[in-house]
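Asker: Starting off with a structure, shown below.
The values are calculated or read from the model by the stated rules, or taken from the named source; none is laboratory data. Quick caveat, the model's predicted, so the values are computed rather than measured. No Cβ is skipped: glycine too gets one built from the backbone with ideal geometry, and neighbour counts run over all protein chains shown. SASA here: full protein model, heavy atoms, side chains in, ligands and nucleic acids out. Shrake-Rupley method; radii C 1.70, N 1.55, O 1.52, S 1.80 Å.
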Amino acid sequence: MERPAWAPRSIDISVPSVSRIYDYYLGGSHNFEVDREAARRAMEFMPGLPKIMQANRAFMRRAVRFAAAEGITQFLDIGSGIPTFGNVHEVAQAAAPDARVVYVDHDPVAVAHSEAVLAGNDRADVVAADLCKPREILASPRLERLIDLNRPVALLLVAILHFVEDADDPYGAVAELRGALVPGSLLILTHASYEGIPLPAERAEGAVDVYRNIRNPLIMRSRDDIARFFEGYDMVEPGLVPMPHWRPESAPEDEDPYAFSGFAGVGRTA
């Protein structure tokens with residue numbers, strides 16, 4: 001397999017990557033056949049997976065515009081993946097030209113492509129780090145250059161926590177990040193769940209098995225378990241809801257049924 005120029009030498013391009021599979025679902029071009037094959041296997045069980053990812057992105061854009069309207073100009077997007085059209089820095093800086101954005105990902109392809117996309121944008125940067133190591137994220141010189149933790153920050157954890165197993169203490173990581181945020185900061189979050197998927201859970205489990213087989217387990221948590229990530233936050237209306245129901249810009253009933261899979265919410269630190 002020929003290695004494209006955008007793929008770092010350090011990565012094994014014969015192993016599927018969650019970031020590149022997500023890129024494929026969104027119609028991106030930074031993925032390999034091994035990623036596309038894994039995505040197609042998952043879609044045999046859940047054909048609406050691309051619709052779920054599109055609903056994630058649409059929610060993220062609405063939430064970023066909401067944050068900007070609330071006067072927040074600092075955005076920390078952890079588990080950002082491979083940048084595609086309408087990414088956080090584009091939405092935030094369109095709404096607030098002085099907005100500063102830091103992306104965080106541990107996938108070398110996501111980091112390398114983010115660096116290329118952000119070249120020349122002195123108000124956005126990327127950090128190579130893992131959500132499960134919040135101290136490394138918070139101590140990064142790249143973050144310190146752009147983000148003033150003495151002012152409110154919008155923390156984005158969009159479609160990332162369902163790839164963190166309970167054994168890796170995702171609740172502890174989110175709590176540690178919350179502890180670094182001042183009052184008025186926001187948590188913007190989405191999470192996969194069997195609740196809302198328009199097919200039997202046992203069939204959806206087939207797609208979950210695909211992720212398990214590529215050693216990136218997909219953890220489908222209940223709404224109550226997802227709500228625990230918002231401990232210490234006051235929920236912004238309408239609360240923790242299926243993605244199309246969070247401050248929609250078009251009629252939710254016109255959405256694809258798969259768009260209602262999982263939950264989205266925004267919380268504010270008191």
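Asker: Just to check your reading of the model, which residue among Ile82, Ile72 is more than 17 Å from the chain's Cα centre (by Cα) and assigned to a loop (DSSP other than H, G, I, E, B)?
Answerer: On the way: Ile82 fails: more than 17 Å from the chain's Cα centre (by Cα).
Going through Ile82, Ile72 in turn, just one is more than 17 Å from the chain's Cα centre (by Cα) and assigned to a loop (DSSP other than H, G, I, E, B): Ile72.
Asker: Are there any pairs with C-beta distances below 8 angstrom linking a residue in region 83-99 that is more than 10 Å from Ala68 (Cα to Cα) to a residue that is of a type in the set (D, E, K, R) and in a helix (DSSP H, G or I), with the two at least 6 apart or on different chains, and if so which?
Answerer: From residues that are more than 10 Å from Ala68 (Cα to Cα), the pairs are Thr84/Asp23; Thr84/Arg57; Gly86/Arg57; Gly86/Arg61.
Asker: Spot the failing condition for Arg62; the list is (1) farther than 19 Å from Ser17 by Cα; (2) at pLDDT below 95, and only one is missed.
Answerer: Evaluating Arg62 over (1) farther than 19 Å from Ser17 by Cα; (2) at pLDDT below 95 leaves (2) as the failure.
Asker: Tally the residues that are among the hydroxyl-bearing types (Ser, Thr, Tyr) and touching a strand residue (DSSP E or B) at 6+ places or on another chain (Cβ under 6 Å), restricting the search to region 168-192.
Answerer: Step one: of region 168-192, the residues among the hydroxyl-bearing types (Ser, Thr, Tyr) are 171, 185, 190.
Then keep just the ones that are touching a strand residue (DSSP E or B) at 6+ places or on another chain (Cβ under 6 Å); that gives 185, 190.
Looking only at that region, the number is 2.
Asker: If you don't mind, there's one more thing I want to ask. Open to solvent by less than 70 Å² (accessible area, probe 1.4 Å), on the phi > 0 side of the Ramachandran plot and in contact (Cβ under 8 Å) with a residue 12 or more places away in the chain: does that describe Gly206?
Answerer: No.
Asker: Being aliphatic (A, V, I, L, M) and assigned to a helix (DSSP H, G or I) is the filter here; which residues of region 93-110 pass it?
Answerer: Matches in region 93-110: Ala94, Ala95, Val109, Ala110.
Asker: Among the residues in region 222-242, are any under 11 Å from Ala55 (Cβ atoms) and either open to solvent by 70 Å² or more (accessible area, probe 1.4 Å) or not hydroxyl-bearing (Ser, Thr, Tyr) (or both)? Steps first, answer last, please.
Answerer: Pass one, region 222-242, residues under 11 Å from Ala55 (Cβ atoms): 242.
Of the ones still in play, those that are also either open to solvent by 70 Å² or more (accessible area, probe 1.4 Å) or not hydroxyl-bearing (Ser, Thr, Tyr) (or both) are 242.
Yes: one or more hits.
Asker: To continue, here is another question. Restricting attention to region 81-136, report how many residues are open to solvent by 70 Å² or more (accessible area, probe 1.4 Å) and among the aromatic types (Phe, Trp, Tyr).
Answerer: Of the residues in region 81-136, 1 are open to solvent by 70 Å² or more (accessible area, probe 1.4 Å) and among the aromatic types (Phe, Trp, Tyr).
Asker: Show the residue pairs meeting these rules: Cβ distance below 6 Å; 6+ apart or different chains; first residue within region 1-30 and farther than 23 Å from Val164 by Cβ; second residue at pLDDT 80 or above and small (Gly, Ala, Ser).
Answerer: Filtered contacts from region 1-30: Pro8/Ala112.
Asker: Determine the pairs where a residue that is more than 20 Å from Thr190 (Cα to Cα) and at pLDDT 95 or above, located within region 68-81, has a partner that is part of a loop (DSSP other than H, G, I, E, B) and hydrophobic (A, V, I, L, M, F, W, C) with Cβ atoms under 8 Å apart, the partner being 6 or more residues away or on another chain.
Answerer: From residues that are more than 20 Å from Thr190 (Cα to Cα) and at pLDDT 95 or above, the pairs are Thr73/Ala96; Thr73/Ala99.
Asker: Something else now. If we scan region 21-30, do we find a residue that is outside any helix (DSSP H, G or I), of a type in the set (D, E, K, R) and crowded, with 18+ Cβ neighbours inside 10 Å?
Answerer: The answer is no; no qualifying residue exists.
Asker: Right, another one. Can you tell me which residue in region 172-228 is nearest to Ala68 (Cα to Cα), limited to those that are hydroxyl-bearing (Ser, Thr, Tyr) and in contact with a helix residue (DSSP H, G or I) (Cβ under 9 Å, 6 or more places away or on another chain)? Before the answer, list the steps.
Answerer: Filtering region 172-228 for residues hydroxyl-bearing (Ser, Thr, Tyr) gives 185, 190, 193-194, 211, 222.
Pick out the ones that are also in contact with a helix residue (DSSP H, G or I) (Cβ under 9 Å, 6 or more places away or on another chain) and you get 185, 190, 193-194, 211.
Values: Ser185: 11, Thr190: 19, Ser193: 28, Tyr194: 31, Tyr211: 35 Å.
My answer is Ser185.
Asker: So which residues in region 250-270 are in a loop (DSSP other than H, G, I, E, B), under 24 Å from Ser185 (Cβ atoms) and open to solvent by 50 Å² or more (accessible area, probe 1.4 Å)?
Answerer: Result: Ala270, single match.
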